[in-house]
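Read-outs throughout are calculated quantities, based only on the coordinates presented, and are distinct from any laboratory measurement. Since the structure is predicted, the reported quantities are computational estimates derived from the model, not experimental observations. Cβ: placed from backbone, ideal geometry, glycine included. Neighbour counts: every protein chain shown.
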Amino acid sequence: MKSKKRVLLGMSGGTDSSVAAMLLQEAGYEVTGVTFRFYDSEGFEESLDDARTLAYRLNIPHIIYDARELFRERIIRYFIDEYLSARTPVPCTLCNNELKWPLLAKIADEMGIYWISTGHYVRKVFQNNHYFIAPAADRDKDQTFFLWGLKQDILERMLLPMGDWAKDKVRTYAAGRGFERAATKKDSLGVCFCPMDYRSFLQREVPQELLPGKGRFIDESGTFLGWHKGYPFYTIGQRRGLGIHMNRAAFVKEICKASNEVILAPLASLYKTEMLLKDWNIVDASRLLNSKSVIVRIRYRKQANHCTVNIMAENLLHVQLHEPLESIASGQAAAFYDEVGLLLGGGIII
């Protein structure tokens, strides 16, 4: 039998998961902390020590789970392959939906623990016989965008203690409890295994013979504009760092793997009114399909467009945008919301 008073908490050693441990314990749960060793990044051992020390001070069990091989196979390999396929990957989305939360559930099952938790800034609600991820109280920290792929069996078991907290109050709370180090830790930014520019990561990780050499920048009519360093080093919508001087603003409109060409165009040419999604997940079809009030986001922050969503015969989602949207990139994620912010699902742009 799984205990309804026990919870397995993913502990990174950072502020948010540390405070989540305190809040869960205060709420009467028996907390067990797990730190995943996903990647031997700089500073990991320090973060691991912080997680262990916090667990010791709170008198909660703490385990380390080595997932490096799985992480390299599922996330890093995917990250590299997407760029080499002229697509733009979404590693944090894939990691949350297919690795981190499922791993928490797997380990919890092995330990006879029902609840699973992290320091994510999201909330959970139950409506119409479905669990939904809902926006955090602190909209600047809201992380709903990354969790659209989670299924009901995971959502049902999630405890999300940070959802009602603002980040400044979290730091104040930690300091008030005497955990000054947890209160003052910097927020993690970007992709955990690739803190540098992704281009440097590709050059380090991919054998030189597998990277394309220089290729042609062309305009929409095929006119040669200059030379680029190889198609994987450019993303849709990119303007800076092109290494080409023109008398007008130019953006990456399209990336052609076969010819190693990158098409540049004015921003107006990057707008589209529809997109197709694969590998999608829908929380409640009755609230998403054919609704006129669905909002789609293709970026983590401060972007939202109304759309209509339908399932096509090829089992793809067709998204008809009510207003044109620029820089829609193959490989990126699209997340769907209702008018009040409930996460309705999402998918990968093709």
### Query
Angle, helix 167-176 long axis vs. longest principal axis of the chain, Cα atoms, 0 to 90°, nearest 10?
30
### Query
What FRET efficiency do you get for GLU326 and VAL125 if R0 is 25 Å and r is their Cβ-Cβ distance, rounded to the nearest 0.05?
0.20
#### Entry: Relative contact order for the chain, counting Cα pairs under 8 Å that sit 6 or more residues apart, in percent
16
### Summary
For the chain, longest principal axis from Cα atoms; helix 15-26 axis from its Cα atoms; angle between them, nearest 10 degrees, is 30
## Note on the structure
In degrees rounded to 10, the 0-90 angle between helix 101-111 Cα long axis and the longest Cα principal axis of the chain is 30
### Message
Below 8 Å between Cα atoms, with a sequence gap of 6+, how large is the relative contact order for segment 6-184 in percent?
### Response
24
### Message
Checking the a/c ratio against 1.5 first, then a/b against b/c, what shape does the Cα gyration tensor give for the chain?
### Response
prolate
### Task
Give the shape of segment 1-49 as rounded, prolate or oblate, defined through the alpha-carbon gyration tensor: a ≥ b ≥ c are the square roots of its eigenvalues, a/c under 1.5 means rounded, and otherwise the shape is prolate if a/b is larger than b/c and oblate if not.
oblate
### Query
How much FRET efficiency would the formula 1/(1 + (r/R0)^6) give for ALA249 and LYS214, where r is the Cβ-Cβ distance and R0 is 30 Å, rounded to 0.05?
0.85
### Query
How do 207-216, 333-342 rank on mean C-beta neighbours within 10 Å, highest first?
333-342, 207-216
## Note on the structure
Heads up, segment 271-349 by the C-alpha gyration tensor (a ≥ b ≥ c square roots of eigenvalues; a/c under 1.5 rounded, else a/b over b/c prolate, else oblate) looks rounded
#### Entry: Globularity index of segment 212-268, i.e. its alpha-carbon radius of gyration over 2.2 N^0.38 Å
0.97
### Restraint check, LYS167/LYS272; LYS106/LYS141; LYS229/LYS272; LYS167/LYS292; LYS124/LYS272; LYS186/LYS278, Cα-Cα greater than 31 Å
LYS167/LYS272; LYS167/LYS292; LYS124/LYS272; LYS186/LYS278
### Message
Please list, by residue number, everything in segment 102-123 whose backbone N is under 16 Å from a paramagnetic label point 7 Å out along Cα→Cβ of TYR65.
### Response
102-120
#### Entry: Calculated FRET efficiency for the pair ARG299/ALA258, C-beta based, R₀ 25 Å, to 0.05
0.35
### Query
When N is the residue count of segment 6-184, what does its C-alpha Rg come to as a fraction of 2.2 N^0.38 Å?
1.03
### Task
With an 8 Å cut-off on Cα pairs and a minimum separation of 6 or more residues, tell me the relative contact order of segment 212-268 in percent.
37
